[in-house]
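Read-outs throughout are calculated quantities, based only on the coordinates presented, and are distinct from any laboratory measurement. Keep in mind it's a predicted model, so treat the numbers as computed, not measured. A quick note on method: Cβ atoms are made from the backbone with ideal geometry, for glycine too, and the neighbour counts reach across all protein chains shown.
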Amino acid sequence: MTVYKTKVNNIGEEAELFQEEKMVILFGENAPAELAEYCYNIQVNPIEGHIAVGQHVYFGDVPFEITAVGDVVEKNLQDLGHITIKFNGESNAELGGTLYVEDKEMPEVNIGTKISIQ
C-alpha cells in the first residue's frame with residue numbers, strides 16, 4: 001500500500017551539498033527562501049496511513065528500507081512537505097523531522113523524480 005507519493009518540482013542550488021552527509025532535505029512549495037536553496041522542492045500531498053519501520057521509500061524504482069521514523073515526520077510531511085531523509089541505517093530516530101533509511105548508495109534525484117513511501 002502506498003502511504004505517500006510526490007515528485008520533485010525543483011532543486012535548490014545548494015541541495016546536493018548534503019549528499020556528502022548522506023542526507024536529502026525535502027520541502028514543499030512554501031519553503032522559506034533561506035531554506036529553499038538547500039532543499040529538493042516537492043509537491044505536498046496527503047499521507048494515507050502511517051509511516052513505519054520496515055516500509056520503503058522509493059526514489060523512482062529504487063527502494064530504501066525505513067529503519068527509524070522521527071516523531072513529527074508524518075505531520076511535517078503532511079503540512080509542509082518538509083522532512084530530512086538520512087541514508088545511514090540508524091535505528092534510533094534522534095531528530096523528530098528525520099526519516100532514517102538503510103545505508104546504501106544514495107539515489108540520483110532530479111526534477112521529475114517520483115518519491116513514494118510504501
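The table below lists the values:
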quantity	calculated
Pairwise Lys count, the chain - Cα closer than 21 Å, eight or more residues apart or different chains	15
Theoretical ellipticity at 222 nm over the chain - DSSP helices of four or more residues, -39500 (n - 2.57) apiece, nearest 500	-2000 deg cm²/dmol
Protection proxy ranking of 80-87, 48-55 - average other beta-carbon atoms within 10 Å, highest first	80-87, 48-55
Inter-probe distance in nm under a simple model that places probes 7 Å from Cα toward Cβ, at S91 and E16	3.5 nm
Theoretical FRET efficiency, 1/(1+(r/R0)^6), r = Cβ-Cβ of Q43 and Q118, R0 22 Å, to 0.05	0.80
Calculated P(r) tail over 20 Å for the chain, as whole % of Cα pairs	32 percent
Positive-end residue, the chain charge dipole about Cα centroid, Cβ charges, pick of G54, L17, V72	G54
Average Cα contact separation per residue, the chain, under 8 Å, 6 or more apart, as relative contact order %	33 percent
